[in-house]
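Student: Structure incoming, see below.
Just so it is clear, none of the values below were taken in a lab; they were calculated from the coordinates. Remember, predicted model here, so these are calculated numbers, not experimental data. Backbone-built Cβ (ideal geometry, glycine too); neighbour counts: all protein chains shown.
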Amino acid sequence: MPKFLVQGHYTAAGLNGLLKEKASGRKAAVQAAVKSVKGKMDCLYFGSSGTDVVMIIDVPDSAAAAALSVTVSASGSVELHVTPLMTVEELDGALGLATKYRAPGA
């Protein structure tokens with residue numbers, strides 16, 4: 001199953017919700033949301049300095065990741081950035097593909 005790095009920044013409303021539910025309450029809610037798109041949360045960490053939450057999730061495809069991202073972001077409580085992750089083998093395979101590209105001005 002594809003893995004995605006999810007980074008979030010809580011809005012004021014999101015921080016108020018975090019104060020009320022505590023981190024364990026948010027973890028349970030996030031696990032339920034990921035499970036609802038037939039995924040699994042690998043890990044969840046809380047931070048500071050602009051990135052309040054970081055997690056790695058496994059979901060069936062990009063559409064499931066997008067559905068989760070749009071639903072969470074639409075709540076207005078957290079702004080998400082979702083990044084697809086690749087294994088070393090997947091990147092090696094991508095690097096082996098012939099690609100034609102001309103840089104600007106070249």
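Student: For the chain, build the charge dipole from Cβ charges (+1 Lys, Arg; -1 Asp, Glu) around the Cα centre, then report which of PRO104, ALA28, MET41 sits farthest towards its positive end.
Tutor: Among PRO104, ALA28, MET41, the one farthest towards the positive end of the dipole of the chain is ALA28.
Student: First obtain the Kirkwood hydrodynamic radius of segment 3-89 from its Cα pairs, then insert it into the Stokes-Einstein equation at 20 °C and 1.002 mPa s, and state the resulting D in µm² per second as a whole number. Walk me through the intermediate numbers first.
Tutor: Numbers: Rh = 13.1 Å.
My calculation gives 164 µm²/s for D.
Student: Relative to the present Cα-Cα distance, how much length would full extension add between ALA74 and GLN7 at 0.36 nm per residue of separation?
Tutor: On the way: separation 67, 0.36 × 67 = 24.12 nm, distance 1.54 nm.
Stretched fully, the ALA74-GLN7 segment lengthens by 22.6 nm.
Student: Please enumerate, by chain and number, the lysines with C-alpha under 27 Å from the C-alpha of LYS38, excluding those fewer than 8 residues away in the same chain.
Tutor: Reachable lysines: LYS3, LYS22, LYS27.
Student: Does segment 67-106 classify as rounded, prolate or oblate by the C-alpha gyration tensor (a ≥ b ≥ c root eigenvalues; a/c under 1.5 gives rounded; else a/b over b/c gives prolate, otherwise oblate)? Walk me through the numbers before you get to the answer.
Tutor: On the way: a/c = 4.48, a/b = 1.91, b/c = 2.35.
Since a/c reaches 1.5 but b/c is at least a/b, the shape of segment 67-106 is classed as oblate.
Student: Could the peptides 47-55, 5-13 be put in order, highest first, of the mean number of other beta-carbon atoms found within 10 Å of their residues?
Tutor: Values: 47-55: 13.2, 5-13: 16.0.
Averaged packing, sorted descending, gives the order 5-13, 47-55.
Student: Can you give the local net charge around ALA28? Use residues other than it whose beta-carbon is closer than 12 angstrom to its beta-carbon, Lys and Arg +1, Asp and Glu -1. Before the final figure, lay out each step's value.
Tutor: Details: positive: LYS22, ARG26, LYS27, LYS35; negative: GLU21.
With Lys, Arg at +1 and Asp, Glu at -1, the net is +3.
Student: Further question on the same structure: If we count every other residue with Cβ under 15 angstrom of PRO60's Cβ, Lys/Arg +1 and Asp/Glu -1, where does the sum land? Intermediate results must be reported in sequence, preceding the final value.
Tutor: Details: positive: LYS3, LYS35, LYS38, LYS40; negative: ASP42, ASP58, ASP61.
With Lys, Arg at +1 and Asp, Glu at -1, the neighbours total +1.
Student: Now a separate question. Under 10 Å from the Cβ of ASP42, count the other residues' Cβ atoms, weight Lys and Arg +1, Asp and Glu -1, and hand me the total. Walk me through the numbers on the way to the answer.
Tutor: On the way: positive: LYS3, LYS40; negative: ASP58.
Net local charge, ASP42 excluded: +1.
Student: Also, I was wondering about something else. In debye to the nearest 20, how big a dipole does the chain give about its Cα centre with +1 on each Lys and Arg Cβ and -1 on each Asp and Glu Cβ? Before the final figure, lay out each step's value.
Tutor: Values: 10 positive and 9 negative charges, 50 e Å.
Around 240 debye, computed over the chain.
Student: Any idea what angle helix 62-74 forms with the longest principal axis of the chain, computed on alpha-carbon atoms, 0 to 90 degrees, nearest 10?
Tutor: Orientation of helix 62-74: about 40 degrees from the principal axis.
Student: Mean separation of Cα pairs under 8 Å and 6+ residues apart, divided by the residue count of the chain: what relative contact order is that in percent? The partial results should precede the final answer.
Tutor: Numbers: 138 pairs, mean separation 42.4, N = 106.
So the answer I get is 40 percent.
Student: Can you tell me the FRET efficiency between LEU19 and ALA63 if r is taken as the Cβ-Cβ distance and R0 is 35 Å, rounded to the nearest 0.05?
Tutor: On the way: r = 33 Å, r/R0 = 0.95.
It comes to 0.60.
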